[in-house]
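The values are calculated or read from the model by the stated rules, or taken from the named source; none is laboratory data. What you see is a predicted model, and the numbers here were worked out from it, not measured in a lab. Note: ideal-geometry Cβ built from the backbone for every residue, glycine included; neighbour counts use all protein chains shown. We work out accessible area using only protein heavy atoms, side chains counted, and drop any ligands, DNA or RNA first. Shrake-Rupley method; radii C 1.70, N 1.55, O 1.52, S 1.80 Å.
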Amino acid sequence: MKPLTLTILSAFLVFNTVSAFAEITVLKVNGTAAYRDGKKWVPLKAGMKLPEGVKVSTGANSSTELRVNSINHTVIIKPLTMIQVFSKETKSETDTHIGLKRGGITAKVPRDARVKTVFKVSTPIATSSVRGTEENISYGPDTGMIIEVIQGVVEGSNILGRSNLLEARQKFIQIYSQA
């Protein structure tokens with residue numbers, strides 16, 4: 001093969017197989033909310049675009065809402081919460097991971113039959129996998145992880161790999177154990 005043809009073919013394969021970072025957008029801010037930029041915290045404002053792997057924190061009596069990709073998966077971050085957001089997408093799939101350090105969120109993940117969706121919320125003790133649903137998730141060292149399904153089906157699994165499927169109005173509670 002000629003070098004130019006090989007280069008074009010290689011570029012085509014790279015661009016069509018590597019997922020791009022999803023656009024993380026601030027939709028609303030109520031009260032005090034900030035994101036980590038290097039070693040400093042910067043106040044959030046509606047309309048801001050945030051980088052992949054961003055850490056977001058809310059203050060007392062504060063909340064913010066993020067859109068984490070182009071198919072409108074949203075996360076409402078409740079008061080006194082800290083999360084880290086990772087999201088990638090292609091035309092045929094999305095892959096979002098929320099690391100919930102403390103506090104609570106509401107995740108709204110609408111189903112799109114044309115797009116394979118992976119949406120996970122992890123705490124130090126358990127993980128929630130979401131597709132086509134809405135759920136409240138909270139975590140604290142004293143309370144553990146609590147998943148409350150508002151609509152749809154959610155899978156909750158602990159660090160040992162045991163999992164439960166939850167449907168609307170069911171709860172999953174995983175308490176930290178010193179076992």
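In the set 140, 161, 132, only one residue is small (Gly, Ala, Ser), at pLDDT 85 or above and either over 18 Å from the mean Cα position of the chain (by Cα) or open to solvent by less than 30 Å² (accessible area, probe 1.4 Å) (or both); that residue is 140. The number of residues in the range 100-138 that are among the acidic types (Asp, Glu) and not in a strand (DSSP E or B) comes to 1.
Kindly establish whether residue 81 is out of contact with any Pro (no Cβ under 7 Å at 6 or more places or on another chain) and open to solvent by 60 Å² or more (accessible area, probe 1.4 Å). No, not satisfied.
Residue 66 meets the stated requirement of being closer than 22 Å to residue 40 by Cβ, assigned to a strand (DSSP E or B) and not basic (Lys, Arg). Can you say whether residue 147 is modelled with pLDDT of 90 or more and under 17 Å from the mean Cα position of the chain (by Cα), as far as the supplied structure shows? Criteria not met by residue 147.
Considering the range 58-78, and only residues there that are open to solvent by 20 Å² or more (accessible area, probe 1.4 Å) and within 17 Å of residue 121 (Cα to Cα), the residue that is farthest from the chain's Cα centre (by Cα) turns out to be 78. Could you please find all residues in the range 15-57 being farther than 15 Å from residue 105 by Cβ, open to solvent by less than 90 Å² (accessible area, probe 1.4 Å) and among the polar types (S, T, N, Q)? Answer for the range 15-57, where residues must be farther than 15 Å from residue 105 by Cβ, open to solvent by less than 90 Å² (accessible area, probe 1.4 Å) and among the polar types (S, T, N, Q): 19, 25. For the range 50-95, the tally of residues that are charged (D, E, K, R) and within 13 Å of residue 27 (Cα to Cα) stands at 2.
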